[in-house]
Amino acid sequence: MTLRLNLQTLAGLAPAVRRPDYDFLNLSVGVVHLGLGAFHRAHQALYTEDAVRSQGGDWGILGASLRHADVPSALAAQQQLYTVETLGSLSGYRIVAAVRASLTATTQRAQLLSALSSSRTHIVTLTVTEKGYCLAMNGDLDVANAEIAHDLAAPKEPSSAIGWLAAGLEERYQSHRHPLTIISCDNLQSNGAKLRRAVTAFVERSSPEMLPWMRDNVAYPQTVVDCIVPAATDASRARVKQTLGVEDLACVQREPYSQWVIENCFAGPRPAWEHGGAQIVTDVIDHGRLKLHVLNTCHSALAYLGLPRGYTFVREAMADTELAQFLEALVSTEIAPALAPLAVPGYWQTVRPRFANPRIDHRLSQIAQDGALKLGERVFPLMISNAKAGAPVHGLARIVRGWLKLTGTGLDAALEDPTLLPPAMRTNSALRAAISAAVT
(Lines give C-alpha, C1' and ligand atoms only; values in the text may rest on other atoms or scores of the structure.)
Protein backbone atom coordinates (compact mmCIF):
# COMPACT_ATOMS: atom_id res chain seq x y z
CA MET A 1 0.00 0.00 0.00
CA THR A 2 1.37 3.42 -1.01
CA LEU A 3 1.52 5.92 1.83
CA ARG A 4 0.22 9.46 1.18
CA LEU A 5 1.42 12.75 2.55
CA ASN A 6 -0.71 13.65 5.59
CA LEU A 7 -0.40 14.62 9.25
CA GLN A 8 0.59 11.09 10.22
CA THR A 9 3.43 10.79 7.69
CA LEU A 10 4.62 14.40 8.03
CA ALA A 11 6.95 13.75 10.96
CA GLY A 12 8.71 10.88 9.19
CA LEU A 13 9.75 12.79 6.09
CA ALA A 14 13.42 13.09 5.20
CA PRO A 15 15.34 15.85 7.08
CA ALA A 16 16.01 17.65 3.79
CA VAL A 17 12.29 18.31 3.36
CA ARG A 18 11.23 21.61 4.90
CA ARG A 19 8.18 21.13 7.11
CA PRO A 20 5.77 23.69 8.61
CA ASP A 21 7.31 25.05 11.82
CA TYR A 22 4.30 26.93 13.18
CA ASP A 23 0.95 26.01 14.76
CA PHE A 24 -0.94 25.57 11.50
CA LEU A 25 -3.52 23.21 13.01
CA ASN A 26 -4.97 26.11 15.01
CA LEU A 27 -4.82 28.57 12.12
CA SER A 28 -8.25 30.05 11.36
CA VAL A 29 -9.29 31.05 7.85
CA GLY A 30 -8.89 34.75 7.02
CA VAL A 31 -8.31 34.47 3.26
CA VAL A 32 -10.58 32.94 0.63
CA HIS A 33 -8.97 32.12 -2.71
CA LEU A 34 -10.92 31.53 -5.93
CA GLY A 35 -9.11 29.33 -8.46
CA LEU A 36 -7.18 26.69 -6.54
CA GLY A 37 -4.70 25.88 -9.28
CA ALA A 38 -0.96 25.30 -9.22
CA PHE A 39 0.00 28.98 -9.41
CA HIS A 40 -1.75 29.97 -6.21
CA ARG A 41 -0.35 27.00 -4.32
CA ALA A 42 3.17 27.72 -5.56
CA HIS A 43 3.01 31.51 -5.16
CA GLN A 44 0.53 33.42 -2.95
CA ALA A 45 0.13 30.55 -0.49
CA LEU A 46 3.87 30.63 0.26
CA TYR A 47 3.89 34.40 0.81
CA THR A 48 0.95 34.02 3.18
CA GLU A 49 2.52 31.14 5.07
CA ASP A 50 5.80 33.03 5.47
CA ALA A 51 3.90 36.10 6.71
CA VAL A 52 2.15 33.97 9.33
CA ARG A 53 5.40 32.30 10.36
CA SER A 54 7.02 35.71 10.81
CA GLN A 55 4.24 37.85 12.25
CA GLY A 56 1.41 35.49 13.20
CA GLY A 57 -2.27 36.15 12.64
CA ASP A 58 -5.25 34.06 11.59
CA TRP A 59 -4.57 34.03 7.87
CA GLY A 60 -5.31 30.46 6.91
CA ILE A 61 -6.54 30.04 3.35
CA LEU A 62 -9.75 28.43 2.18
CA GLY A 63 -9.19 27.56 -1.48
CA ALA A 64 -12.08 27.07 -3.87
CA SER A 65 -12.00 25.43 -7.27
CA LEU A 66 -14.78 26.97 -9.34
CA ARG A 67 -15.08 24.01 -11.71
CA HIS A 68 -13.20 20.82 -11.01
CA ALA A 69 -12.92 18.71 -7.87
CA ASP A 70 -9.53 17.11 -8.53
CA VAL A 71 -7.36 19.53 -6.52
CA PRO A 72 -9.72 19.86 -3.51
CA SER A 73 -10.10 16.07 -3.46
CA ALA A 74 -6.33 15.53 -3.53
CA LEU A 75 -5.80 18.08 -0.77
CA ALA A 76 -8.59 16.64 1.39
CA ALA A 77 -7.00 13.18 1.19
CA GLN A 78 -3.77 14.75 2.51
CA GLN A 79 -5.37 16.89 5.25
CA GLN A 80 -4.65 19.95 3.09
CA LEU A 81 -0.86 19.40 3.03
CA TYR A 82 1.09 19.54 -0.23
CA THR A 83 4.66 19.84 -1.51
CA VAL A 84 6.26 22.71 -3.41
CA GLU A 85 9.21 21.51 -5.47
CA THR A 86 11.60 24.36 -6.36
CA LEU A 87 13.78 23.61 -9.36
CA GLY A 88 17.02 25.56 -9.58
CA SER A 89 20.67 24.55 -9.54
CA LEU A 90 19.60 22.48 -6.54
CA SER A 91 16.11 21.12 -5.87
CA GLY A 92 14.21 22.17 -2.78
CA TYR A 93 11.17 20.52 -1.21
CA ARG A 94 8.78 22.27 1.16
CA ILE A 95 5.53 21.11 2.74
CA VAL A 96 2.96 23.92 2.79
CA ALA A 97 0.11 24.03 5.32
CA ALA A 98 -1.33 27.52 4.79
CA VAL A 99 -4.32 26.13 2.87
CA ARG A 100 -6.51 25.00 5.73
CA ALA A 101 -9.60 24.07 3.75
CA SER A 102 -10.49 23.42 0.13
CA LEU A 103 -13.76 22.92 -1.69
CA THR A 104 -15.45 22.74 -5.08
CA ALA A 105 -17.86 25.57 -5.81
CA THR A 106 -20.24 23.53 -7.94
CA THR A 107 -20.99 21.03 -5.16
CA GLN A 108 -20.28 23.07 -2.02
CA ARG A 109 -22.07 26.32 -2.72
CA ALA A 110 -23.25 26.98 0.83
CA GLN A 111 -19.76 26.52 2.28
CA LEU A 112 -18.15 28.88 -0.23
CA LEU A 113 -20.80 31.54 0.23
CA SER A 114 -20.41 31.26 4.00
CA ALA A 115 -16.65 31.72 3.72
CA LEU A 116 -16.94 34.73 1.40
CA SER A 117 -19.44 36.41 3.70
CA SER A 118 -17.79 35.54 7.02
CA SER A 119 -16.78 38.48 9.19
CA ARG A 120 -13.49 36.64 9.78
CA THR A 121 -12.66 36.74 6.07
CA HIS A 122 -10.79 39.96 5.33
CA ILE A 123 -9.12 39.03 2.01
CA VAL A 124 -10.32 37.35 -1.17
CA THR A 125 -7.69 36.53 -3.81
CA LEU A 126 -8.22 35.24 -7.34
CA THR A 127 -6.26 33.31 -9.97
CA VAL A 128 -8.89 32.53 -12.61
CA THR A 129 -6.93 33.49 -15.80
CA GLU A 130 -7.81 36.42 -18.06
CA LYS A 131 -10.90 34.64 -19.38
CA GLY A 132 -12.27 34.16 -15.89
CA TYR A 133 -13.08 37.86 -15.55
CA CYS A 134 -15.61 37.72 -18.41
CA LEU A 135 -14.50 41.06 -19.84
CA ALA A 136 -15.57 42.63 -23.11
CA MET A 137 -13.07 44.01 -25.62
CA ASN A 138 -13.00 47.40 -23.88
CA GLY A 139 -11.99 45.83 -20.57
CA ASP A 140 -15.40 46.19 -18.92
CA LEU A 141 -17.73 43.39 -17.86
CA ASP A 142 -19.27 41.52 -20.80
CA VAL A 143 -22.90 41.32 -19.72
CA ALA A 144 -23.65 39.23 -22.81
CA ASN A 145 -21.21 36.54 -21.64
CA ALA A 146 -23.14 33.31 -21.02
CA GLU A 147 -21.85 32.88 -17.45
CA ILE A 148 -22.55 36.50 -16.52
CA ALA A 149 -26.01 36.34 -18.06
CA HIS A 150 -26.70 33.17 -16.06
CA ASP A 151 -25.46 34.73 -12.82
CA LEU A 152 -27.49 37.90 -13.30
CA ALA A 153 -30.60 35.78 -13.87
CA ALA A 154 -29.82 33.49 -10.91
CA PRO A 155 -27.58 35.49 -8.52
CA LYS A 156 -28.01 32.91 -5.74
CA GLU A 157 -26.47 30.21 -7.95
CA PRO A 158 -23.34 31.84 -9.39
CA SER A 159 -20.91 30.10 -11.69
CA SER A 160 -18.46 32.88 -12.61
CA ALA A 161 -15.86 34.41 -10.33
CA ILE A 162 -17.59 37.78 -10.68
CA GLY A 163 -20.93 36.21 -9.74
CA TRP A 164 -19.42 34.57 -6.68
CA LEU A 165 -17.85 37.84 -5.54
CA ALA A 166 -21.15 39.67 -5.95
CA ALA A 167 -22.99 36.94 -4.03
CA GLY A 168 -20.45 37.09 -1.19
CA LEU A 169 -20.66 40.88 -1.03
CA GLU A 170 -24.46 40.68 -0.95
CA GLU A 171 -24.33 38.35 2.05
CA ARG A 172 -21.80 40.60 3.82
CA TYR A 173 -23.99 43.62 3.15
CA GLN A 174 -27.07 41.91 4.54
CA SER A 175 -25.33 40.55 7.65
CA HIS A 176 -22.47 42.65 9.07
CA ARG A 177 -21.11 45.01 6.36
CA HIS A 178 -17.49 44.50 7.35
CA PRO A 179 -14.94 45.72 4.78
CA LEU A 180 -13.25 43.36 2.30
CA THR A 181 -10.14 43.50 0.12
CA ILE A 182 -10.38 41.62 -3.18
CA ILE A 183 -7.06 40.96 -4.91
CA SER A 184 -6.62 39.82 -8.51
CA CYS A 185 -3.43 37.77 -8.86
CA ASP A 186 -3.82 37.14 -12.59
CA ASN A 187 -1.53 38.29 -15.37
CA LEU A 188 -3.93 41.02 -16.44
CA GLN A 189 -2.92 44.63 -17.03
CA SER A 190 -4.61 46.98 -14.52
CA ASN A 191 -6.05 43.88 -12.88
CA GLY A 192 -7.41 45.62 -9.80
CA ALA A 193 -9.15 48.38 -11.72
CA LYS A 194 -10.68 45.93 -14.19
CA LEU A 195 -11.90 43.69 -11.38
CA ARG A 196 -13.44 46.65 -9.55
CA ARG A 197 -15.28 47.78 -12.68
CA ALA A 198 -16.50 44.26 -13.41
CA VAL A 199 -17.87 43.65 -9.90
CA THR A 200 -19.42 47.12 -9.80
CA ALA A 201 -21.09 46.62 -13.18
CA PHE A 202 -22.54 43.31 -12.00
CA VAL A 203 -23.86 44.77 -8.75
CA GLU A 204 -25.36 47.74 -10.60
CA ARG A 205 -27.63 45.20 -12.29
CA SER A 206 -28.18 42.82 -9.37
CA SER A 207 -28.16 44.77 -6.09
CA PRO A 208 -27.59 48.49 -6.75
CA GLU A 209 -28.47 49.41 -3.18
CA MET A 210 -25.05 47.99 -2.16
CA LEU A 211 -23.02 50.43 -4.28
CA PRO A 212 -22.54 53.20 -1.68
CA TRP A 213 -21.33 50.66 0.91
CA MET A 214 -19.02 49.04 -1.65
CA ARG A 215 -17.43 52.34 -2.61
CA ASP A 216 -16.32 52.88 0.99
CA ASN A 217 -15.67 49.32 2.16
CA VAL A 218 -14.35 47.19 -0.71
CA ALA A 219 -10.81 47.63 -2.08
CA TYR A 220 -9.21 46.16 -5.21
CA PRO A 221 -5.41 46.60 -5.10
CA GLN A 222 -3.45 46.41 -8.33
CA THR A 223 -0.86 43.63 -8.36
CA VAL A 224 1.99 42.15 -10.34
CA VAL A 225 2.70 38.44 -9.93
CA ASP A 226 5.62 36.53 -11.37
CA CYS A 227 6.80 32.96 -11.00
CA ILE A 228 7.09 30.24 -13.62
CA VAL A 229 4.91 27.34 -12.44
CA PRO A 230 4.69 24.48 -14.96
CA ALA A 231 1.88 22.00 -14.52
CA ALA A 232 2.72 18.96 -12.41
CA THR A 233 3.67 15.87 -14.40
CA ASP A 234 4.18 12.20 -13.72
CA ALA A 235 7.92 12.94 -13.62
CA SER A 236 7.55 15.75 -11.05
CA ARG A 237 5.25 13.63 -8.89
CA ALA A 238 7.77 10.78 -9.06
CA ARG A 239 10.60 13.10 -7.92
CA VAL A 240 8.50 14.28 -4.98
CA LYS A 241 7.62 10.71 -4.03
CA GLN A 242 11.26 9.64 -4.18
CA THR A 243 12.34 12.57 -1.98
CA LEU A 244 9.50 12.40 0.55
CA GLY A 245 9.11 8.64 0.65
CA VAL A 246 5.35 9.11 0.38
CA GLU A 247 3.01 10.01 -2.45
CA ASP A 248 1.72 13.57 -2.95
CA LEU A 249 -0.99 13.95 -5.59
CA ALA A 250 -1.32 17.70 -4.94
CA CYS A 251 2.33 18.67 -5.37
CA VAL A 252 3.40 21.63 -7.50
CA GLN A 253 6.68 22.58 -9.15
CA ARG A 254 8.11 26.07 -9.69
CA GLU A 255 11.25 28.05 -10.41
CA PRO A 256 13.25 29.71 -7.59
CA TYR A 257 12.34 33.26 -8.65
CA SER A 258 9.13 34.77 -7.33
CA GLN A 259 7.67 38.27 -7.22
CA TRP A 260 4.46 39.68 -5.77
CA VAL A 261 3.96 43.44 -5.94
CA ILE A 262 0.78 44.72 -4.27
CA GLU A 263 -0.61 48.23 -4.27
CA ASN A 264 -0.96 49.59 -0.73
CA CYS A 265 -4.73 49.84 -0.98
CA PHE A 266 -6.52 47.68 1.58
CA ALA A 267 -9.98 48.00 3.10
CA GLY A 268 -9.12 46.27 6.36
CA PRO A 269 -6.61 43.90 8.03
CA ARG A 270 -4.20 41.88 5.90
CA PRO A 271 -1.35 39.40 6.35
CA ALA A 272 2.09 40.94 6.83
CA TRP A 273 3.00 39.89 3.30
CA GLU A 274 6.03 42.16 3.19
CA HIS A 275 7.57 39.91 5.86
CA GLY A 276 7.03 37.00 3.48
CA GLY A 277 8.89 38.71 0.63
CA ALA A 278 6.08 40.63 -1.12
CA GLN A 279 6.50 44.28 -2.09
CA ILE A 280 3.80 46.65 -0.81
CA VAL A 281 4.07 49.78 -2.96
CA THR A 282 2.22 52.98 -3.78
CA ASP A 283 2.14 52.31 -7.53
CA VAL A 284 2.62 49.01 -9.37
CA ILE A 285 2.47 50.40 -12.92
CA ASP A 286 6.19 50.33 -13.73
CA HIS A 287 6.58 46.84 -12.26
CA GLY A 288 3.68 45.67 -14.42
CA ARG A 289 4.96 47.27 -17.61
CA LEU A 290 8.34 45.59 -17.25
CA LYS A 291 6.86 42.16 -16.70
CA LEU A 292 4.23 42.47 -19.41
CA HIS A 293 6.37 43.98 -22.14
CA VAL A 294 9.71 42.31 -21.43
CA LEU A 295 9.12 38.89 -19.87
CA ASN A 296 5.70 38.17 -21.39
CA THR A 297 6.55 39.61 -24.83
CA CYS A 298 9.73 37.53 -25.02
CA HIS A 299 7.76 34.47 -23.88
CA SER A 300 5.35 35.01 -26.77
CA ALA A 301 8.28 35.41 -29.16
CA LEU A 302 9.76 32.07 -28.09
CA ALA A 303 6.37 30.38 -28.40
CA TYR A 304 5.44 31.61 -31.89
CA LEU A 305 8.96 31.29 -33.28
CA GLY A 306 10.03 28.20 -31.36
CA LEU A 307 7.06 25.90 -31.95
CA PRO A 308 7.56 25.82 -35.76
CA ARG A 309 11.17 24.77 -35.14
CA GLY A 310 10.00 21.72 -33.23
CA TYR A 311 10.73 22.95 -29.71
CA THR A 312 8.47 21.95 -26.83
CA PHE A 313 9.80 23.95 -23.90
CA VAL A 314 10.99 27.52 -23.31
CA ARG A 315 14.46 26.31 -22.31
CA GLU A 316 14.84 24.51 -25.66
CA ALA A 317 13.89 27.59 -27.67
CA MET A 318 16.20 29.73 -25.53
CA ALA A 319 19.08 27.38 -26.35
CA ASP A 320 18.60 28.17 -30.05
CA THR A 321 21.40 30.64 -30.82
CA GLU A 322 19.44 32.56 -33.45
CA LEU A 323 16.36 32.94 -31.24
CA ALA A 324 18.48 34.00 -28.25
CA GLN A 325 20.24 36.62 -30.37
CA PHE A 326 16.87 37.76 -31.71
CA LEU A 327 15.59 38.36 -28.17
CA GLU A 328 18.72 40.33 -27.25
CA ALA A 329 18.22 42.63 -30.23
CA LEU A 330 14.47 42.87 -29.63
CA VAL A 331 14.92 43.97 -26.03
CA SER A 332 17.66 46.51 -26.71
CA THR A 333 16.40 48.11 -29.95
CA GLU A 334 12.60 47.87 -29.75
CA ILE A 335 11.35 47.13 -26.23
CA ALA A 336 13.71 49.40 -24.29
CA PRO A 337 12.93 52.53 -26.39
CA ALA A 338 9.19 51.94 -26.05
CA LEU A 339 9.46 51.64 -22.25
CA ALA A 340 11.99 54.44 -21.62
CA PRO A 341 12.99 55.49 -19.01
CA LEU A 342 12.35 52.13 -17.30
CA ALA A 343 15.46 50.04 -16.57
CA VAL A 344 14.76 47.44 -19.25
CA PRO A 345 18.34 46.10 -19.73
CA GLY A 346 18.78 45.37 -16.03
CA TYR A 347 15.41 43.66 -15.80
CA TRP A 348 16.16 41.56 -18.89
CA GLN A 349 19.36 40.33 -17.25
CA THR A 350 17.21 38.75 -14.51
CA VAL A 351 14.76 37.23 -17.00
CA ARG A 352 17.18 35.62 -19.43
CA PRO A 353 18.61 32.96 -17.05
CA ARG A 354 15.09 32.09 -15.92
CA PHE A 355 14.15 31.22 -19.50
CA ALA A 356 17.25 29.05 -19.81
CA ASN A 357 16.66 27.14 -16.54
CA PRO A 358 17.29 23.50 -17.59
CA ARG A 359 15.09 22.16 -14.78
CA ILE A 360 11.88 23.96 -15.82
CA ASP A 361 9.65 22.34 -18.46
CA HIS A 362 7.54 25.37 -19.38
CA ARG A 363 5.54 24.42 -22.47
CA LEU A 364 5.54 26.77 -25.44
CA SER A 365 2.09 25.51 -26.39
CA GLN A 366 0.72 26.81 -23.09
CA ILE A 367 2.21 30.25 -23.71
CA ALA A 368 0.87 30.27 -27.29
CA GLN A 369 -2.76 29.95 -26.19
CA ASP A 370 -5.13 32.94 -26.53
CA GLY A 371 -2.71 34.69 -28.87
CA ALA A 372 -4.95 37.59 -29.90
CA LEU A 373 -5.68 38.47 -26.29
CA LYS A 374 -2.04 38.20 -25.24
CA LEU A 375 -0.49 40.01 -28.21
CA GLY A 376 -3.04 42.77 -27.81
CA GLU A 377 -1.65 43.45 -24.34
CA ARG A 378 2.00 42.49 -24.80
CA VAL A 379 3.17 43.31 -28.33
CA PHE A 380 0.88 45.74 -30.13
CA PRO A 381 1.19 48.54 -27.52
CA LEU A 382 4.96 48.45 -28.12
CA MET A 383 4.46 48.50 -31.90
CA ILE A 384 2.07 51.43 -31.63
CA SER A 385 4.48 53.39 -29.42
CA ASN A 386 7.46 52.76 -31.69
CA ALA A 387 5.52 53.40 -34.91
CA LYS A 388 4.41 56.79 -33.58
CA ALA A 389 8.00 57.64 -32.60
CA GLY A 390 9.56 56.34 -35.81
CA ALA A 391 11.41 53.64 -33.87
CA PRO A 392 11.95 50.08 -35.21
CA VAL A 393 9.14 47.52 -35.08
CA HIS A 394 10.59 44.75 -37.26
CA GLY A 395 11.34 42.35 -34.42
CA LEU A 396 7.92 42.85 -32.86
CA ALA A 397 6.38 42.34 -36.31
CA ARG A 398 8.22 39.01 -36.58
CA ILE A 399 6.41 37.81 -33.45
CA VAL A 400 3.07 38.76 -35.01
CA ARG A 401 3.99 37.00 -38.25
CA GLY A 402 4.86 33.88 -36.26
CA TRP A 403 1.46 33.98 -34.58
CA LEU A 404 -0.37 34.55 -37.88
CA LYS A 405 1.45 31.65 -39.52
CA LEU A 406 0.99 29.30 -36.58
CA THR A 407 -2.75 29.99 -36.29
CA GLY A 408 -3.53 30.53 -39.97
CA THR A 409 -4.98 33.96 -39.24
CA GLY A 410 -5.04 36.56 -42.01
CA LEU A 411 -3.40 39.94 -41.36
CA ASP A 412 -6.43 42.00 -42.37
CA ALA A 413 -8.68 39.97 -40.10
CA ALA A 414 -6.16 40.27 -37.27
CA LEU A 415 -5.97 44.05 -37.58
CA GLU A 416 -9.77 44.22 -37.35
CA ASP A 417 -9.70 42.22 -34.11
CA PRO A 418 -10.46 44.66 -31.27
CA THR A 419 -8.38 42.57 -28.86
CA LEU A 420 -5.27 43.53 -30.86
CA LEU A 421 -5.82 47.19 -31.75
CA PRO A 422 -8.16 49.64 -30.03
CA PRO A 423 -10.76 51.30 -32.32
CA ALA A 424 -8.86 54.60 -32.56
CA MET A 425 -5.81 52.73 -33.84
CA ARG A 426 -7.74 50.53 -36.27
CA THR A 427 -9.11 53.67 -37.94
CA ASN A 428 -5.72 55.44 -38.02
CA SER A 429 -4.79 54.63 -41.60
CA ALA A 430 -1.18 55.82 -41.36
CA LEU A 431 -0.47 53.82 -38.21
CA ARG A 432 -2.29 50.76 -39.49
CA ALA A 433 -0.34 50.93 -42.75
CA ALA A 434 2.94 51.14 -40.87
CA ILE A 435 2.12 48.10 -38.75
CA SER A 436 0.77 46.21 -41.75
CA ALA A 437 3.91 46.94 -43.77
CA ALA A 438 6.16 45.78 -40.95
CA VAL A 439 4.23 42.55 -40.43
CA THR A 440 4.07 41.85 -44.15
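The values are calculated or read from the model by the stated rules, or taken from the named source; none is laboratory data. For clarity, every value in this text was computed on a predicted model and none was experimentally measured. Note: ideal-geometry Cβ built from the backbone for every residue, glycine included; neighbour counts use all protein chains shown. When the accessible area is computed, the model is the full protein with side chains, heavy atoms only, and any ligands, DNA or RNA have been set aside. Shrake-Rupley method; radii C 1.70, N 1.55, O 1.52, S 1.80 Å.
Being open to solvent by less than 30 Å² (accessible area, probe 1.4 Å), within 16 Å of Asn187 (Cβ to Cβ) and not β-branched (Val, Ile, Thr), is that true of even one residue in the stretch 257-265? Before you say what the answer is, go through the steps one by one.
First, pick out the residues of the stretch 257-265 that are open to solvent by less than 30 Å² (accessible area, probe 1.4 Å): 259-262.
Cutting the leftovers down to within 16 Å of Asn187 (Cβ to Cβ) gives us 259-262.
Going one step further and asking which of them are not β-branched (Val, Ile, Thr), we end up with 259-260.
Among the residues of the stretch 257-265, at least one is open to solvent by less than 30 Å² (accessible area, probe 1.4 Å), within 16 Å of Asn187 (Cβ to Cβ) and not β-branched (Val, Ile, Thr), which makes the answer yes.
Anything in the stretch 220-252 that is in a strand (DSSP E or B), open to solvent by less than 10 Å² (accessible area, probe 1.4 Å) and either under 27 Å from Thr9 (Cβ atoms) or among the small types (Gly, Ala, Ser) (or both)? List them, or say none.
Once the filter is applied, which keeps residues that are in a strand (DSSP E or B), open to solvent by less than 10 Å² (accessible area, probe 1.4 Å) and either under 27 Å from Thr9 (Cβ atoms) or among the small types (Gly, Ala, Ser) (or both), the stretch 220-252 yields only Val252.
Those residues that are open to solvent by 10 Å² or more (accessible area, probe 1.4 Å) and part of a helix (DSSP H, G or I), I need them from the stretch 204-213; list them, please. Lay out the reasoning, then the answer.
Our first condition is that a residue be open to solvent by 10 Å² or more (accessible area, probe 1.4 Å); within the stretch 204-213, this holds for 204-209, 211-213.
Of everything in the stretch 204-213, those that are open to solvent by 10 Å² or more (accessible area, probe 1.4 Å) and part of a helix (DSSP H, G or I) turn out to be Glu204, Arg205, Ser206, Pro208, Glu209, Leu211, Pro212, Trp213.
Which of the residues spanning the stretch 57-72 are of a type outside the set (A, V, I, L, M, F, W, C) and in contact (Cβ under 8 Å) with a residue 12 or more places away in the chain?
So in the stretch 57-72, the residues of a type outside the set (A, V, I, L, M, F, W, C) come out as 57-58, 60, 63, 65, 67-68, 70, 72.
Selection gives Gly57, Asp58, Gly60, Gly63, Ser65, Arg67, His68, Pro72.
In the stretch 90-107, what residues are within 17 Å of Arg239 (Cα to Cα), in contact (Cβ under 8 Å) with a residue 12 or more places away in the chain and open to solvent by 20 Å² or more (accessible area, probe 1.4 Å)?
Listed by number, the residues that qualify are Ser91, Gly92, Tyr93, Arg94.
Yes/no matrix, rows are residues, columns are (1) open to solvent by 30 Å² or more (accessible area, probe 1.4 Å); (2) at pLDDT 95 or above; (3) more than 15 Å from Val246 (Cβ to Cβ):
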{"residue": "Ala11", "(1), (2), (3)": "yes, no, no"}
{"residue": "Pro20", "(1), (2), (3)": "no, yes, yes"}
{"residue": "Gly30", "(1), (2), (3)": "no, yes, yes"}
{"residue": "Gln78", "(1), (2), (3)": "no, yes, no"}
{"residue": "Gly88", "(1), (2), (3)": "no, no, yes"}
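From (1) open to solvent by 50 Å² or more (accessible area, probe 1.4 Å); (2) part of a helix (DSSP H, G or I), pick out the condition that doesn't hold for Gly192.
The number of the failed condition is (1).
What tally of residues in the stretch 130-162 results from selecting those that are under 18 Å from Ala105 (Cβ atoms), open to solvent by 60 Å² or more (accessible area, probe 1.4 Å), of a type outside the set (Lys, Arg) and in contact (Cβ under 8 Å) with a residue 40 or more places away in the chain?
Summing the residues that are under 18 Å from Ala105 (Cβ atoms), open to solvent by 60 Å² or more (accessible area, probe 1.4 Å), of a type outside the set (Lys, Arg) and in contact (Cβ under 8 Å) with a residue 40 or more places away in the chain in the stretch 130-162 gives 1.
For Arg197, state whether it is farther than 18 Å from Val261 by Cβ, open to solvent by 50 Å² or more (accessible area, probe 1.4 Å), of a type outside the set (A, V, I, L, M) and more than 27 Å from the chain's Cα centre (by Cα).
Working: farther than 18 Å from Val261 by Cβ: yes; open to solvent by 50 Å² or more (accessible area, probe 1.4 Å): yes; of a type outside the set (A, V, I, L, M): yes; more than 27 Å from the chain's Cα centre (by Cα): no.
No; evaluated as a whole, the condition is false for this residue.
Return the residues of the stretch 1-59 that are assigned to a helix (DSSP H, G or I), polar (S, T, N, Q) and over 30 Å from Gly163 (Cβ atoms); say none if nothing qualifies.
Going residue by residue through the stretch 1-59, those that are assigned to a helix (DSSP H, G or I) are 7-10, 24-26, 38-42, 44-55.
Filter once more, keeping what is polar (S, T, N, Q): 8-9, 26, 44, 48, 54-55.
Gln8, Thr9, Asn26, Ser54, Gln55, listed by residue number.
Just one of Ala166, Ala149, Ala201 is in a helix (DSSP H, G or I) and closer than 24 Å to Gly37 by Cβ; which is it? Steps first, answer last, please.
Values: Ala149 fails: closer than 24 Å to Gly37 by Cβ; Ala201 fails: closer than 24 Å to Gly37 by Cβ.
Criteria check complete, one pass: Ala166.
Could you look through the stretch 41-60, keep only residues that are more than 17 Å from the chain's Cα centre (by Cα) and crowded, with 24+ Cβ neighbours inside 10 Å, and pick out the one that is nearest to Arg270 (Cα to Cα)? Spell out how you get there, then give the answer.
Here is the first cut: in the stretch 41-60, the residues more than 17 Å from the chain's Cα centre (by Cα) are 49-60.
In the following step, the residues that additionally are crowded, with 24+ Cβ neighbours inside 10 Å were identified as 49, 52, 59.
Working: Glu49: 13, Val52: 11, Trp59: 8 Å.
Selected residue: Trp59.
Which of the residues belonging to the stretch 271-288 are surrounded by 18 or more Cβ atoms within 10 Å (Cβ to Cβ) and touching a Ser or Thr at 6+ places or on another chain (Cβ under 6 Å)?
Matches in the stretch 271-288: Pro271 only.
Consider the stretch 111-128. How many of its residues are in contact (Cβ under 8 Å) with a residue 60 or more places away in the chain and either open to solvent by 50 Å² or more (accessible area, probe 1.4 Å) or part of a loop (DSSP other than H, G, I, E, B) (or both)?
6
Pull out all pairs, ordered by first then second residue, where Cβ-Cβ is under 8 Å, the residues are six or more apart or on different chains, the first lies in the stretch 240-257 and is closer than 19 Å to Ser73 by Cα and of a type in the set (Gly, Ala, Ser), and the second is at pLDDT 95 or above and in a helix (DSSP H, G or I).
So the pair list comes out as Ala250/Arg41; Ala250/Val71; Ala250/Ala74; Ala250/Leu75.
Would you pick out the residues in the stretch 382-419 that are open to solvent by 40 Å² or more (accessible area, probe 1.4 Å), under 27 Å from the mean Cα position of the chain (by Cα) and at pLDDT 90 or above?
Answer for the stretch 382-419, where residues must be open to solvent by 40 Å² or more (accessible area, probe 1.4 Å), under 27 Å from the mean Cα position of the chain (by Cα) and at pLDDT 90 or above: Ser385, Arg398, Arg401.
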